[in-house]
Structures are given as C-alpha cells and as structure tokens.
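Have a look at the structure below, then the notes.
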Amino acid sequence: MAITSNMRINSERLWDSLMEMAKIGPGVAGGNNRQTLTDEDAQGRKLFQGWCEAAGLSMGLDKMGTMFARREGTDPDALPVYVGSHLDTQPTGGKYDGVLGVLGGLEIIRQLNDMNIKTKHPIVVVNFTNEEGTRFAPAMVASGVFAGMHTLDWAYERTDAQGCKLGDELKRVGYLGDEEVGARKMHAFFELHIEQGPILENENKAIGVVTHGQGLKWLEVTLIGKESHTGSTPMPMRVNAGLGMARITELVNEIALSHSPNAVGAIGHCDVYPNSRNIIPGKVVFTIDFRHPQKSVIDDMETRLRAGAKSIADAIGLELSIEEVGGFDPVEFDENCVTAVRSAAERLGYSHRDLVSGAGHDACWINRVAPTSMVMCPCVDGLSHNEAEDITPEWAAAGTNVLFHAVVETAGIVD
Ligand code: HGY
Ligand code: MN
Ligand code: MN
C-alpha cells in the first residue's frame, strides 16, 4: 500500500494538543516559560508521556532525560524512524518553537492508529532535553551528547544562573533515565519546526524543505574594570567595564554587517556587576551569538572579534577573557531525507521552497549520526523567541502532513 495524497493528519486534534500543552508554564504575555528541567518542564513531559501511553507507545528515557516513545513496526529488527524536537521553551518563548515538532510526531502516531496502518520500521517520537540552551548553555545539549559532541559528565556540570547543575536538576525533576545516551541507532530522523524567520510567510510558501542549517558560535566575554562612584570619579580615572561592553556590542554589529546579507551577530545575554545605578561597572559578562551558512565566515567573524575586543579592552585598561560556550559547523542534511520531504510537499500539493535554517535545532546534531532532514512551516511576521510567536492551524497542519508522509514513506507501509 502506497501513501496517497488523501492521507492526512487530524488537524483539530493536533491544534487541541498544542493549546493543551501551552497551558503548562504560561508566560506573562500569551506565550510560554517552560525552561528545561523546571517543574513546568516536568509537567509538560508528564502530559506528553500520558498522551504517548494512551496512544499505545512504549516509553524510554536516557541519561540526559531525553524521552523516546516507540510504536512497533512489523520488523522488530529494523532500525526505527525517529521524529521529534523539544518541549522546553525560552523564558519568554512561544507556544510552537519545538512543541510543534514533538506533538506533530505524536499526531502521526495517532493518525496511523486511527487508520490502522502498520509500518515496517518502528517509529519513535522524541523530546530532547534542553534544546534552548538558555537555562543551561549551550543550546541542543542533549542532542549534542547523543551525537557524541559533548560528554555526559560535561553536560551534567552545566550550571544555571542560580548555581544549579543540569545533572542535579535531572534527578530533582525525576527525568534521569538509565539508557546510555546515543546508544539508540536511527534509520532516519525528521524534525518539524516553525521557521522562526520571515521567508516562508513573505513568499507565501506553506512548506520549507530544509536543505542546510547555518553554523553558530557563542563567545562568552568577561571584562574586568574597576568599580567606583559614578558621581565623584573623574572621567579620565575610570576603568569602565560597561563602556567596553558597549563598544564590543557595536563591533559585533559591524562585523556581522560586513558579511551581509547572510551573517548575523548580536549579544542577547549580559550580566553587569554590581549593577548599581551609581557604581561604574567593575565587571561585565556577556555572550556573543555569531551565525552564517559558511564556516570560513564564522571563523573570520570570531578572529576579528577577538582582535577588536582586545584593542577596546587595552584602550580602556580592562582585563579581557573570551570563552567559546557553544557552537556547531554549518549542516548539510541528508539528500534522501530532504527528497522525502520535498516529494511529500509535492504529493500533498503544498507550495514549498528549499530553505537554510537560521536557527539551530536538535536535527543539526542528529544529522551527524543518522540521515536527517527538517520540515518548516511559516510563523507570523517571522517572529520567534517572543511570547507573541504565532502560527495558523493551517500552517501547523500542512507541516505535520508533510512530516507524516516523509516519516511513513521512510518507515515503509506494510499491507
Ligand atoms: O539558538 C537557537 O538557534 C535555538 O533556538 N536554540
Ligand atoms: Mn526550537
Ligand atoms: Mn528556540
């Protein structure tokens, strides 16, 4: 039996599940604050697990807390097709970033059950721990351990702003599993995600066929100056760490613009010490986020940043240290998996275009250990990592239908 264009998911059920999940860890402006390994994340995981068990799936949990929900295939020895993303959110996140990919995977299972369709390969829905990298840097840490990019011990030592360690929090919320991370072998991995950019909406395309993911580099900068009175310290005597951060912020912007149109650069996190209105900052710690589709350009941006930051620090008399706290090279997704996504969009009659992912995703790491590709749907005004993040039920359904066809075609329908 071949998959046909009239085979589609239940879009109302998908939308209801998205809205139900959105009630957990509500933000203050209509989005979500369900940061990784918080009590809210644990509640979201519990809801997801209950749904999976109700759909007849068997649950697995690895030592990074990544959740696996398995639907058996007719060939138990065949490697499973994995599908999923992440349920953790930014502190002022939206309802769909990551969540659409996990619940879209679950909807595929529910629809296969409804249609009583069997597949040769098992299908496993995945919720990766700590994709966002906000509470615990870096981003995509669990999929990074799964792909062998980080060790488990290093990941357990990641510490949040309150001094909590990732490994301890896994225990505290009850999601420290016993499976070895990365022991599971995959036939393929597919991730559905909102675009988090404006291209699909601007071009009125329903589907992004993701061929590549741009590379990323996170550099944490520490500047040490001298705390002193903002009123009585003469300007020439100041060693102002805040001034250094301001000048380096401008430098980051200049470097990114020098590689227009594809390079991006910004500083999203900064801590100022002692952060008092009438004390000149003696210390600042901030993180630079550089991204580009080519590794050589990312390397050039880092080189120029390091040189420029040193000149800025020397001119003010600041101590400077720069540490890489996250990064991955640009990604080229698997050709067969990309073709499965593209032919699914064509079969279903959806407008589509090839796309390079601007954001990082778990798929970017999993692509190193299994054939992988992504499906993207538009989001309103390209906005994400903002509580106003929004999509339409039609976009969610189109993305999940394409995911459905790509996953089931790869898993092989058995008559
Ligand atoms: O940073 C990223 O690109 C992802 O949203 N964690
Ligand atoms: Mn995401
Ligand atoms: Mn995100």
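Quick note: the coordinates plus some simple rules give every number you see, no bench work behind them. What you see is a predicted model; the values in this text were computed from it and never measured. Cβ placement follows ideal geometry from the backbone for every residue including glycine, while neighbour counts extend to all protein chains displayed.
Fewest Cβ neighbours within 10 Å first, please rank Met64, Met115, Met301 accordingly.
Listing Met64, Met115, Met301 from fewest to most nearby Cβ atoms yields Met115, Met301, Met64.
Remind me, relative contact order of the range 4-128 in percent, using alpha carbon pairs under 8 angstrom and six or more residues apart?
It rounds to 32 percent for the range 4-128.
From the phi of every residue in the range 346-357, what ³J(HN,Hα) in whole Hz does the Karplus formula 6.51 cos²θ - 1.76 cosθ + 1.60 yield, where θ is phi - 60° and glycine or proline is x?
5, 4, 7, x, 8, 5, 7, 7, 5, 8, 9, 6
Nearest 10 degrees is fine. How inclined is helix 11-22 to the longest principal axis of the chain, computing both from alpha carbons?
Computed tilt is about 40 degrees.
Could you pull out the pairs from Lys95/Lys165; Lys95/Lys185; Lys165/Lys310; Lys118/Lys185; Lys46/Lys95; Lys283/Lys310 whose alpha carbons sit more than 23 Å apart here?
Lys95/Lys165; Lys95/Lys185; Lys165/Lys310
Under the definition of Cα pairs under 8 Å and six or more residues apart, what whole-number percent is the relative contact order of the chain?
Computed value for the chain: 25 percent relative contact order.
Would you pull out the residues with amide H under 5 Å of Glu227's amide H, same chain only if 5 or more places away, H placed 1.01 Å from N?
Here the answer is Gly282, since their amide H atoms fall under 5 Å of that of Glu227.
Of Ala42, Asn32, Ser5, which is farthest along the charge dipole of the range 1-52 in the positive direction, counting Lys and Arg as +1 and Asp and Glu as -1 at C-beta?
Positive-end residue among those listed: Ser5.
Projecting each Cα onto the charge dipole of the range 86-214 (Lys/Arg +1, Asp/Glu -1 at the beta carbon, about the Cα centre), which of Pro122, Met140, Gly98 comes out farthest on the positive side?
Comparing the listed Cα positions along the dipole, Pro122 ranks first.
Order of His193, His352, His405 from fewest to most other C-beta atoms within 10 Å?
Lowest to highest Cβ neighbour count: His352, His405, His193.
Would you kindly derive the ³J(HN,Hα) couplings of the range 182-197 from the backbone phi angles with the Karplus curve 6.51 cos²θ - 1.76 cosθ + 1.60 (θ = phi - 60°), listing them in order in whole Hz, with x for Gly and Pro?
Going residue by residue, I get x, 5, 6, 9, 10, 6, 6, 9, 10, 10, 9, 8, 5, 5, 6, x Hz, with x marking Gly and Pro.
Can you sort Leu257, Leu61, Leu100, Leu170 so the residue with the fewest Cβ neighbours within 10 Å comes first?
Going from least to most buried by this count: Leu257, Leu61, Leu170, Leu100.
Report the normalised scattering of the range 201-321 as log10 I(q)/I(0) at q = 0.21 Å⁻¹, calculated by the Debye formula with identical scatterers on the alpha carbons.
Rounded to two decimals, the profile gives -1.10.
At R0 = 35 Å, how high is the FRET efficiency between Ala54 and Ser260 if r is their beta carbon distance? Nearest 0.05 is fine.
0.10
Take every Cα pair under 8 Å in the range 170-273 that's 6+ residues apart, average their separations, divide by the length, and report that relative contact order as a whole percent.
Taking the mean separation of contacting Cα pairs over the length of the range 170-273, I get 12 percent.
Distance from the Cα centre of the range 266-317 to that of the range 75-147, in angstrom?
Cα centroid to Cα centroid, the span is 34 Å.
Got a sec to turn the phi values of the range 406-412 into Karplus ³J(HN,Hα) couplings, 6.51 cos²θ - 1.76 cosθ + 1.60 with θ = phi - 60°, whole Hz, x for Gly and Pro?
3J(HN,Hα) across the range 406-412, in whole Hz: 5, 5, 5, 5, 6, 7, x.
Please report the equivalent ellipsoid semi-axes of the range 1-121, computed as sqrt(5 x eigenvalue) of the Cα gyration tensor, largest first, in whole Å.
Semi-axis lengths for the range 1-121 are 27, 17, 11 Å.
For Lys63, which aspartates and glutamates qualify as cross-link partners when the Cα separation must be under 14 Å and same-chain residues fewer than eight apart are set aside?
Excluding near neighbours in sequence, the set is Asp153, Glu157, Asp168, Glu169, Asp178, Glu179, Glu180.
Where does helix 295-316 land angle-wise versus the long Cα axis of the chain, in degrees 0 to 90, nearest 10?
Orientation of helix 295-316: about 20 degrees from the principal axis.
When the helix-only estimate is applied to the chain (DSSP H runs of n ≥ 4, each -39,500 (n - 2.57), divided by the residue count), what is the mean residue ellipticity at 222 nm, nearest 500 deg cm²/dmol?
The helix-only estimate for the chain comes to -11000 deg cm²/dmol at 222 nm.
So if R0 is 41 Å, what FRET efficiency would Lys46 and His229 give, r being the distance between their Cβ atoms, rounded to the nearest 0.05?
It comes out at approximately 0.20.
By how many nm would the segment from Tyr273 to Asp16 grow when fully extended, if each residue of separation counts as 0.36 nm and the alpha-carbon distance is taken off?
88.0 nm
Sticking with the crude label model, points 7 Å out along Cα→Cβ, report the distance from Lys295 to Glu323 in nm, one decimal please.
According to this spin-label approximation, the distance is 2.5 nm.
What FRET efficiency comes out for Asp415 versus Ser351 if R0 is 51 angstrom and r is the Cβ-Cβ distance? Round to the nearest 0.05.
Working from the Cβ atoms, E equals 0.95.
If one computes P(r) from the Cα atoms of the chain, what percent of pairs lie at distances over 42 Å?
So the portion of pairs separated by more than 42 Å is 16 percent.
Quick check: pseudo-label points 7 Å beyond the Cα along Cα→Cβ at Asn113 and Asp39, how many nm apart are they?
With each label placed 7 Å out from Cα toward Cβ, I get 3.0 nm.
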